[in-house]
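Accompanying notes for the structure given below.
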Amino acid sequence: MLLTIAYDGSTFHGWQKQPGERTVQGYLEQTMSRLFDREILLSGTSRTDAGVHAFGQRASFRADIGIPTEKIALVVNNALCAKEGHESGRGGFAKSPIRILKAEEMPADFHARFDSKGKRYVYRICAGCGEAAARKGMDEVQRSLIFERNYVYHVNERLDAEAMDEAAKRFEGEHDFKSFEASGGNPRETTVRRMLQAGVRETDSGTLQRIEFSIKGDGFLYNMVRIMTGTLVEVGQGKRRPEEISEIIEAADRQRAGHTAPPGGLYLAEVFY
């Protein structure tokens, strides 16, 4: 069985189950195991970090649960809301931070992670916060941003989105992305990855500038998208030239790339098979 899952990662210590930590995988496995009265073990496609969100995480499991496939999402979502209501004290008014979007029957040998052909991530930025505060007053801007603090990267100055897009295009193709890998991840046989599409677009340029970085590839390294984003922000600030991206890739040195953007603006958007 293959599940498509959306979640708000701001209250979780990442996807992967860890002892003593509230994780998306652990929370979902616990809920489903109790619901179906048998152990449910999920294999997720992406091990998103603490604070990272998902529109389209995928996870597979093998179990005979005796429920029609088309009913699984509804039944599990109801159980998730009931669990959240019990734990939060909000009762039937609770909404779960996790939602099953779809359940699909798959061949017995299918694995959500190993059969994946690629993923697309989206990173959201809200820029011009400091400039807006200077014009409209800090209190008004802070009130508008407080509810977004876990869902976008707030940058004080407005950014050059066109320069960022020009820089992002240089990620496309097959490269050694060692410069964009943080230490601490699982050892990799190779840091070569193929990026199929990358770009930056300005989604809104009102009082606060909204920018979205989207990248699709056959695989990603530890913190790779967040380091890419931090580097692109520095391009948008005028601290780097767009063509520097090619030089950074060629260097294969993490010290040459920019800062690591915070986790809250990152979303796993799609998984491809």
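The values are calculated or read from the model by the stated rules, or taken from the named source; none is laboratory data. This structure is a prediction, so every number in the text was calculated from the model and none was measured. Note: ideal-geometry Cβ built from the backbone for every residue, glycine included; neighbour counts use all protein chains shown.
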Tell me, which strands (runs of 3 or more DSSP E) wholly within the range 144-231 include 1 or more residues that are touching a Cys at 6+ places or on another chain (Cβ under 8 Å)?
-> 153-155, 209-217
When G265 is run through (1) touching a Phe, Trp or Tyr at 6+ places or on another chain (Cβ under 6 Å); (2) buried (at least 16 other Cβ atoms within 10 Å of the Cβ); (3) of a type outside the set (S, T, N, Q); (4) within 19 Å of T45 (Cα to Cα), the failure sits at (4)
Output for the range 70-105, where each listed residue is outside any helix (DSSP H, G or I) and over 13 Å from Y27 (Cβ atoms) = G89, R90, A94, K95, L101, K102, A103, E104, E105
Give the number of residues within the range 7-23 that are touching a Gly at 6+ places or on another chain (Cβ under 7 Å) and surrounded by 17 or more Cβ atoms within 10 Å (Cβ to Cβ).
-> 4
Taking the options K216, K239, name whichever one is surrounded by fewer than 17 Cβ atoms within 10 Å (Cβ to Cβ) and at pLDDT 95 or above.
-> K239
Give just the number: which of (1) buried (at least 20 other Cβ atoms within 10 Å of the Cβ); (2) among the acidic types (D, E); (3) touching a strand residue (DSSP E or B) at 6+ places or on another chain (Cβ under 7 Å) does E181 not satisfy?
-> (3)
Which pairs have Cβ atoms under 9 Å, sit 6 or more apart or on different chains, and link a residue in the range 71-98 that is under 21 Å from G14 (Cβ atoms) and among the acidic types (D, E) to one that is at pLDDT below 85 and surrounded by 13 or more Cβ atoms within 10 Å (Cβ to Cβ)?
-> E84/A94; E87/A94
Residue by residue through the range 12-37, note down the ones that are at pLDDT 95 or above and of a type in the set (S, T, N, Q).
-> Q16, T23, Q25, Q30, T31, S33
